[in-house]
Amino acid sequence: MKNGQEAVAQYSELASALVQMGASWIVAEVEQVISRGKTVPFRDLSEEESALYESRLTEEARRGLPVGRAKANDSIGVPYEPYERLALLVDAVERVITTSELSYSYVSSFAAGLGINSLRLESPIGASITAGVPEVRNIPLTAPTLVNERLAILRHVLHDEVLG
C-alpha cells in the first residue's frame, strides 16, 4: 500500500492525465463520491476518527446547534484515505476502459455479422450551403483482437504498478 503523499501525487497525476485526454467527467464523478465520504458503522471508527467526531460535536454544541450522539450501530460518514481515493480513481478508469473495449468489440462483431465494415459520421448531417463544409469521418468497425489480453495488461498496470 502506498503512503499518503505518494497516493496523493499519483491521484493528481492520473486526474491531470484524464483531464488532458478529455475524460474529466471520470475525475468529476470520482471526486463527487470522495466528497460524500465513506459510510462506516460508528463502532468501527478508528481512534483518530472518533476524536474528530467528538471535536465536531463539541464545536457544534459551542455554536448552539443541537447535537445527538451516534450509537454503536449507527453509520457515520468519514473521509477516504489518500490510498482509497487513488483506488477509487483507478477502479473508475478500469471500468470505463473495460466497458468501452467490450462495447466496441460487441458492436464490431454485430456489424460484421451484418456485413457492415465502417460507419460514416457526418456533422452536421446533410449540411446546407450556409452551414459550410460538413465534417466527415469514417470509423472502421473491424473486430478488435486480443481484447482479453489487453484488458489483462491494463489490470496489471493499474493494480500492480499504480496501486502496488
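The values are calculated or read from the model by the stated rules, or taken from the named source; none is laboratory data. As the structure is a computational prediction, the values presented were derived from the model and not from experiment. Cβ: placed from backbone, ideal geometry, glycine included. Neighbour counts: every protein chain shown. These area figures cover heavy atoms from the full protein model, side chains too; ligands, DNA and RNA do not enter into them. Shrake-Rupley method; radii C 1.70, N 1.55, O 1.52, S 1.80 Å.
Results, tabulated for the structure shown:
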{"read-out": "Condition check for Leu102: surrounded by 12 or more Cβ atoms within 10 Å (Cβ to Cβ) and modelled with pLDDT of 75 or more", "value": "yes"}
{"read-out": "Per-region count, segment 1-18, residues loosely packed, with under 15 Cβ neighbours inside 10 Å, at pLDDT 90 or above and under 14 Å from Glu84 (Cα atoms)", "value": "4"}
{"read-out": "Residues satisfying the stated conditions in segment 70-83, i.e. open to solvent by 80 Å² or more (accessible area, probe 1.4 Å) and either over 24 Å from Val8 (Cβ atoms) or not charged (D, E, K, R) (or both)", "value": "Lys71, Asn73, Ser75"}
{"read-out": "Extreme residue, least open to solvent (accessible area, probe 1.4 Å), among residues of segment 46-69 that are aliphatic (A, V, I, L, M) and closer than 21 Å to Ser35 by Cα", "value": "Leu57"}
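Yes/no matrix, rows are residues, columns are (1) touching a residue at least 12 places away in the same chain (Cβ under 8 Å); (2) over 30 Å from Ile153 (Cβ atoms); (3) touching a helix residue (DSSP H, G or I) at 6+ places or on another chain (Cβ under 9 Å); (4) not aromatic (Phe, Trp, Tyr):
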residue	(1), (2), (3), (4)
Ala28	no, no, no, yes
Ser35	no, yes, no, yes
Leu45	yes, yes, yes, yes
Glu48	no, yes, no, yes
Tyr53	yes, yes, yes, no
Arg62	no, yes, no, yes
Ala72	yes, yes, yes, yes
Tyr80	yes, no, yes, no
Ala92	yes, no, yes, yes
